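Student: Shown below is the structure under consideration.
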Amino acid sequence: MSEKRFQKLPMRNEEHGFEWGTPLLDDHGFLSIEDERVKIAGEPVNWWVANYGLPLHIFYLPVITDNVRAFKEVFAEHYPKGEIRFAGKVNPHPTVFKIMKQEGVGADVVSMNEMNAALMGGIDPLHIDVNGNAKSNQLIDKALEHAMFFVADSYEEMKIINRRAESMGKKARTVLRVSGFHMDNITDANIFTAGVWSKFGENIEHVPEIIKALRNFPYLDFQGFHSHIGSQITEPDAYEVMIGKLIELGMMLNREGGKFSLLNIGGGFPVDYVDKKEWEYLKERVRNGYVEATSGHPEETFVWNNELGGIGRNPDGSINPAIWSGEKMYSDFPKSGMLARILQGHTHVHGRQVSIKKALEEAGNPVMVIEPGRSIAEGSGITLSKVSHVRNVAGNHNLTTLEASVTSFATAMLLPPVKPWTVINRPLDYDDKPFETFLAGNLCYSGDIISKYKVFLQRRPVRGDVLCCYNTGAYDPSFFAANTNAFPRPTRVLADRDSVISVIKRRDSFGDIFSMDAY
């Protein structure tokens, strides 16, 4: 295992001697190797397959709790007036919310079922934030009944919440979500949520007039502002800009007779899917592959159908391989490290550069709320899938087809994500060089490509092999889960170090897929 056999590729975990495609063992004991077999949460792969079938999503509790505690430690050290709301959308199950309750964390919810799951998990309603851009009357009324906190998505929604609160004789604790920031290439456009063209939030240019009109909202306890830049924000600059602008608005709120008591900076804290060397290598393969393929060398293609991947464009729309506009899969400040970097950083307030801590102090030291989701849950999950077959496409490119689909890998529906993969049932069998392959699903439409970037496996897989995809603890298993072609949605299991805690979603039966009452 210590021999560096694949000299042309960067090592994945050099301290352990693992090479690209080999199992990613971890300090938590989620994945381990005994007698040349991988064990997942203490059980061999074949045990999981026999008990739950494939595909299968497995989440590991110790990873989730460690990530939550790391965020709490950052706040304790750098800004004690910080609070955490777990972004429920990444894994909205009562058991997960129960874990958050035990860790002293609130919840961010957007639907009635997410709200009910948070309540069932024991989350204090005072620490449940109701978010989203299309709140129903039912959702608003239940939130008012339980004195939950509102993230109003727009001026129009402020009016709606105010009317519902008046009708119930309640006062709604509220912040306004702000967007309209001019930020280029900070993450993939599909997951950037604070730009000028965004369905979320009120454009920042309109907010000063809204502040002046707050007297028209007597049933809102208006406390400040919220912004969520997007997902996988790998550099602190965007946060620093956003925080400075929201603090300026908060100072204006104070001047206009209100009280700026809460600043919610959303989530988006990044996950490091690969190390820096690997990420630079992958970007270079994407860029060189596109350039070489368009120059008459299709064998160099690295992205499915020679699409751009993350390659960007010049202002005139022309393609520029030197620009990266897609999702970034590595950060110098992953997970809670980004929060620590933000709180030790600087911003501009009314033209002055000032430390963020000083700016918060000048604004009255509002409570700072964050909404991490992916950064808490992503590393807790793996997905197991069975290989159908391997073949050749487009002349000379390997395509591995799985008995699974893109509906179990939500990010692949939106963009070409970088996810490490392993042939996990015989993990120590190697070919002389890594096997590069695209991954396709089993659905009857051409877009069912699970990995549009080539992935690296330690050997050529064969029919019946089990592939493991890492970092699927957030979004992937549930966000676009569907019964396309009448395939069942897979089981989702939450495990601890030596046992299964909860079957979050059981595999669909025939009766679950088809309502047979009138048959």
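Student: To the nearest µm²/s, what D does Stokes-Einstein give for the stretch 396-519 at 37 °C and 0.692 mPa s, using the Kirkwood radius over alpha carbon pairs as Rh?
Tutor: 205 µm²/s
Student: Follow-up. So, in nm, how far is label E235 from label D332 when the simple model puts each one 7 Å beyond its Cα toward the Cβ?
Tutor: If labels sit at E235 and D332, their model points lie 1.1 nm apart.
Student: Within the stretch 163-237, list the chymotrypsin sites (Phe, Trp or Tyr not before Pro) lying in a DSSP loop whose Cβ has at most 14 other Cβ atoms in a 10 Å radius. Mind dumping the intermediate values first?
Tutor: Values: sites: F181, F192, W197, F200, Y219, F222, F225; in loops: F181, W197, F200, Y219.
Those that pass, being in a loop and sparsely packed, are W197.
Student: Using R₀ = 45 Å, calculate the FRET efficiency as 1/(1 + (r/R₀)^6) where r is the Cβ-Cβ separation of V196 and N365; round to 0.05.
Tutor: Values: r = 31 Å, r/R0 = 0.69.
So, using R0 = 45 Å, E works out to roughly 0.90.
Student: About its Cα centre, how strong a charge dipole does the chain have in debye, to the nearest 20, once Lys and Arg get +1 and Asp and Glu get -1 at the Cβ?
Tutor: On the way: 57 positive and 65 negative charges, 159 e Å.
That gives the chain a dipole magnitude of about 760 debye.
Student: Once you keep just the Cα pairs under 8 angstrom separated by 6 or more residues, what percentage relative contact order results for the chain?
Tutor: Values: 1167 pairs, mean separation 96.1, N = 519.
Computed value for the chain: 19 percent relative contact order.
Student: At 25 °C and 0.890 mPa s, grab the translational diffusion coefficient of the stretch 67-156 from Stokes-Einstein with a Kirkwood Rh over Cα pairs, rounded to a whole number in µm² per second.
Tutor: The Stokes-Einstein estimate is 184 µm²/s.
Student: While we're here: Cα convex hull of the chain: mean projected area in nm², to one decimal? Show your work: numbers first, answer last.
Tutor: Working: hull surface 105.3 nm².
Mean projected area of the Cα convex hull: 26.3 nm².
Student: Let me ask something else about it. Given R₀ = 56 Å, FRET efficiency for H389-R163 by Cβ-Cβ distance, to 0.05? Walk me through the intermediate numbers first.
Tutor: Details: r = 59 Å, r/R0 = 1.05.
The formula returns an efficiency of 0.45 here.
Student: Here is a further query. For the chain, what does -39500 (n - 2.57) per DSSP helix run (n ≥ 4), summed and divided by total residues, give at 222 nm, in deg cm²/dmol to the nearest 500?
Tutor: Numbers: 14 runs with 139 residues, N = 519.
Helix contribution divided over all residues of the chain: -8000 deg cm²/dmol.
Student: Could you estimate the translational diffusion coefficient of the stretch 276-324 from the Stokes-Einstein equation, with Rh from the Kirkwood formula over C-alpha pairs, at 4 °C and 1.567 mPa s, in whole µm²/s? It would help to have the intermediate numbers written out before the result.
Tutor: Working: Rh = 11.0 Å.
So the translational diffusion coefficient is about 118 µm²/s.
Student: So, one more: Could you give the length gained on full extension between E73 and N254, defined as 0.36 nm per residue of separation minus the Cα-Cα distance, in nm?
Tutor: 62.2 nm
Student: Residue separation times 0.36 nm, minus the C-alpha to C-alpha distance between N314 and V291: what's the value?
Tutor: On the way: separation 23, 0.36 × 23 = 8.28 nm, distance 1.58 nm.
Contour length minus the Cα-Cα distance gives 6.7 nm.
Student: Next up: To the nearest 20 debye, what charge dipole does the stretch 276-324 have about its Cα centre, counting +1 at the Cβ of each Lys and Arg and -1 at the Cβ of each Asp and Glu? Write down the numbers at each step before the final one.
Tutor: Numbers: 6 positive and 8 negative charges, 44 e Å.
Magnitude of the dipole: close to 220 debye.
Student: 7 Å from Cα along Cα→Cβ at both N396 and N51: what's the point-to-point distance in nm?
Tutor: 4.7 nm
Student: Apply the Debye scattering formula to the stretch 27-117, with a single equal point scatterer on each alpha-carbon and no solvent, then give log10 I(q)/I(0) at q = 0.13, 0.14, 0.17 Å⁻¹.
Tutor: Normalising to I(0) and taking log10 leaves -0.60, -0.68, -0.87.
Student: With point charges of +1 on the Cβ of Lys and Arg and -1 on the Cβ of Asp and Glu, referenced to the Cα centre of the stretch 423-519, which listed residue (S451, F480, Y430) lies farthest in the positive direction of the dipole?
Tutor: Y430
Student: If I model a spin label at I323 and Q344 as a point 7 Å from the Cα along the Cα→Cβ vector, what separation in nanometres do I get?
Tutor: 3.3 nm
Readers should treat all values here as calculations from the given coordinates under stated rules, not as data from a laboratory. Predicted, not measured: the structure shown is a model, and the values here were computed from it. A quick note on method: Cβ atoms are made from the backbone with ideal geometry, for glycine too, and the neighbour counts reach across all protein chains shown.
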